[in-house]
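Comments concern the structure below.
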């Protein structure tokens, strides 16, 4: 019983992490293409993979909390998805800034000055662009999962990824 539950959770986190891995890979490709214009080499595949796994697990956990489900049943689908996206994106912004501050703290040795260093000397446009791209990935996930929950768990997934013959005589193709 516990083993089946563990397998089910691993599948759920795996599917969500795969979605974020695809989104983060697209962000990495865009970043690499933009930096190639300036002949700057950039490698961040491992960060994208770890970030996708962490994002997948965090999203699955938050989806089971009151913060994640606050507007799911009482408001329109888009409103619940927008709320979740804003909350998840705000948390992402804090995590990205905290990561940069931590690295700057190691360089400067001063915790307060490291925050000023990050905001003043690091490229805040890159940080904000990264957070915006991750926010768009959250928006896609939250909208898809909210519609799927409203239609009945797995229904939208079956419509999107299933074959048209399953849905009767209508031709959905």
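Every read-out reported here was derived from the displayed coordinates using simple, explicitly stated rules and does not represent laboratory data. Nothing here was measured: the structure is a model prediction, and the numbers come from that model. Positions of Cβ are generated from backbone atoms using ideal geometry, with glycine treated the same way; all protein chains shown enter the neighbour counts.
Things worth noting here:
- Cα long-axis angle, helix 77-108 against the chain (0 to 90 degrees, to the nearest 10): 30
- Additional length obtainable on full extension of the chain from residue 46 to residue 113, 0.36 nm per residue less Cα span: 21.2 nm
- Estimated at 0.36 nm per residue, the fully extended path between residue 7 and residue 25 surpasses their Cα-Cα distance by 3.9 nm.
- Least to most buried among 62, 30 (fewest other Cβ within 10 Å first): 30, 62
- Of 81, 104, 36, the one that fluctuates the most in a GNM where the chain has Cα springs shorter than 10 Å: 36
- Theoretical FRET efficiency, 1/(1+(r/R0)^6), r = Cβ-Cβ of residue 159 and residue 126, R0 30 Å, to 0.05: 0.20
- Degrees, to the nearest 10: 111-121 long Cα axis against longest axis of the chain: 80
- Placing dummy labels 7 Å off each Cα toward the beta-carbon, the span from residue 136 to residue 151 is 2.4 nm.
- Residue 95 paired with residue 75, simple spin-label distance in nm, labels 7 Å along Cα-to-beta-carbon: 2.2
- In the chain, the longest principal axis of the Cα atoms and the axis of helix 45-62 are about 50 degrees apart.
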